[in-house]
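A short write-up of the structure that comes next.
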Amino acid sequence: MQALDSPPFYQRLSLSLLGIGLIMTAIYLGADIIVPLALAGLIAVLLRPVERWLVNMGMPKVVAISLAVLLAVLIVSAVGVLLSMQLADFSDELPKLKRNINEFYHDARRWIRREYSVTYRQQAEYLKNAQTKTLENFQGTETLGAVTGPLTTLILIPIYAFLLLYYRTMLLHFMVVVFPEEHKEKILEGLGQIKSIIQSYMVGLLFETTVVAILNSIGLLILNVQYAVLLSIMAAILNLVPYIGGIVATVLAVLVTFISHPETDTVLGVVGVFIVVQFIDNNFLVPVIVGSKVKINALVSIVGVLVGGALAGLSGMFLSIPAIAMMKVVFDRVDDLKPWGILLGDQTPEQEKKALLKLVRRKKMIEEE
């Protein structure tokens, strides 16, 4: 008979699914507030060793936090300046790009007329209708929010990171006292593991991004591709979005290369460079640098990235992996949620089978005693 203080299985499953649904709804409705705060949380965890080192050097806490946040802002600004310089060089080639685009446009129109019997006038009408709809979309009130939203986020993230570091002790104390006393040890252990995972993940991610940018730059420079550094950095940044970012980066690089270097050999060379770099990244860099810290299987990672994108856009895709890693830490320490932790884990079927057989044998030994 089911114990009175233990809810039945279907009720526990219903509560778990309801909780997940409520969390996803809250993220979708409050993405403008939650996403900057979550990004700031990742940065705060990453900057915590820097802040601790500065405090140990004798600096006041406020000064140490300010310098740590300022260092992060300067690094991001330096990358932004480098990209801006490359974009400035890219803009100098606009007349050439316009000429190549016009040639491609006329060739495409002739091909469409020849293959699909669509006259030039009909094609012009289709383009005119598409331009009208595009202008209507840009003239809407949402456009202002699309432009000002990222600017507001960029301003809020450093402020949030500073405050999270400053009030870190208070937040940790809250996480401990909000749960019953008998769970205090588990809470502290879980928080410590979450901090370790996030720090290792972020450091590994930065190192992986740097290596990918260098490898892309070497390959594109060997091919003598224009804007090699710009394409390499943009591809490395897009690669921060697991699985999907690499595909988008490759398509973008091929399009830009095709406009400035329409030769087939160059385009194929660019594709080859990105395929080789992606192979090195997926089979060596990610498993060694990132995968060893975040124990999540590939299926859950891909689905999580897609769900994160649907809930909070590009930022949600980036935040999905650390969010799932933190969820797994929590699931592994709550008895009713341990099955979900197994679902998120990266154990192979053989490992799962061995663990299950071991659990069955242990249960039989207990029953025999």
*Residue identified as modelled with pLDDT of 75 or more and buried (at least 18 other Cβ atoms within 10 Å of the Cβ) among G316, G309*: G316
_Please determine whether any residue of the range 358-369 is at pLDDT below 70, closer than 29 Å to V229 by Cα and part of a helix (DSSP H, G or I)._
no
*Residue check, A213 against (1) more than 30 Å from I198 (Cα to Cα); (2) modelled with pLDDT of 75 or more; (3) part of a helix (DSSP H, G or I), all met but one. Which one?*
(1)
*Is there a residue in the range 217-237 that is over 23 Å from G309 (Cα atoms), part of a loop (DSSP other than H, G, I, E, B) and hydrophobic (A, V, I, L, M, F, W, C)?*
yes
*Can you tell me which residue in the range 82-121 is modelled with the lowest pLDDT, limited to those that are surrounded by 13 or more Cβ atoms within 10 Å (Cβ to Cβ) and farther than 30 Å from A236 by Cα?*
V118
_Looking at the structure I just gave you, is V273 buried (at least 17 other Cβ atoms within 10 Å of the Cβ), part of a helix (DSSP H, G or I) and over 16 Å from the mean Cα position of the chain (by Cα)?_
yes
*asked:* Return the residues of the range 42-64 that are surrounded by 17 or more Cβ atoms within 10 Å (Cβ to Cβ) and within 25 Å of the chain's Cα centre (by Cα); say none if nothing qualifies.
replied: L42, I43, A44, V45, L46, L47, R48, V50, E51
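If we keep just the residues of the range 22-34 that are of a type in the set (V, I, T) and out of contact with any Leu (no Cβ under 7 Å at 6 or more places or on another chain), which is surrounded by the most Cβ atoms within 10 Å (Cβ to Cβ)?
I34
One line per residue, one yes/no per condition, for (1) within 29 Å of L230 (Cβ to Cβ); (2) assigned to a helix (DSSP H, G or I):
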{"position": "G41", "(1), (2)": "no, yes"}
{"position": "A44", "(1), (2)": "no, yes"}
{"position": "P49", "(1), (2)": "no, yes"}
{"position": "V55", "(1), (2)": "no, yes"}
{"position": "M59", "(1), (2)": "no, no"}
{"position": "A64", "(1), (2)": "no, yes"}
{"position": "V73", "(1), (2)": "yes, yes"}
{"position": "G80", "(1), (2)": "yes, yes"}
_Need pairs with beta-carbon distance below 8 Å; first residue farther than 19 Å from L46 by Cβ and within the range 157-183, second modelled with pLDDT under 90 and surrounded by 14 or more Cβ atoms within 10 Å (Cβ to Cβ); sequence gap 6+ or separate chains._
M175/I187; M175/L191; V176/I187; F179/I187
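The values are calculated or read from the model by the stated rules, or taken from the named source; none is laboratory data. Note that the coordinates shown come from a computational prediction; the quantities given were computed from them, not determined experimentally. With ideal geometry, Cβ positions are generated from the backbone for all residues, glycine too; neighbour counts draw on all protein chains shown.
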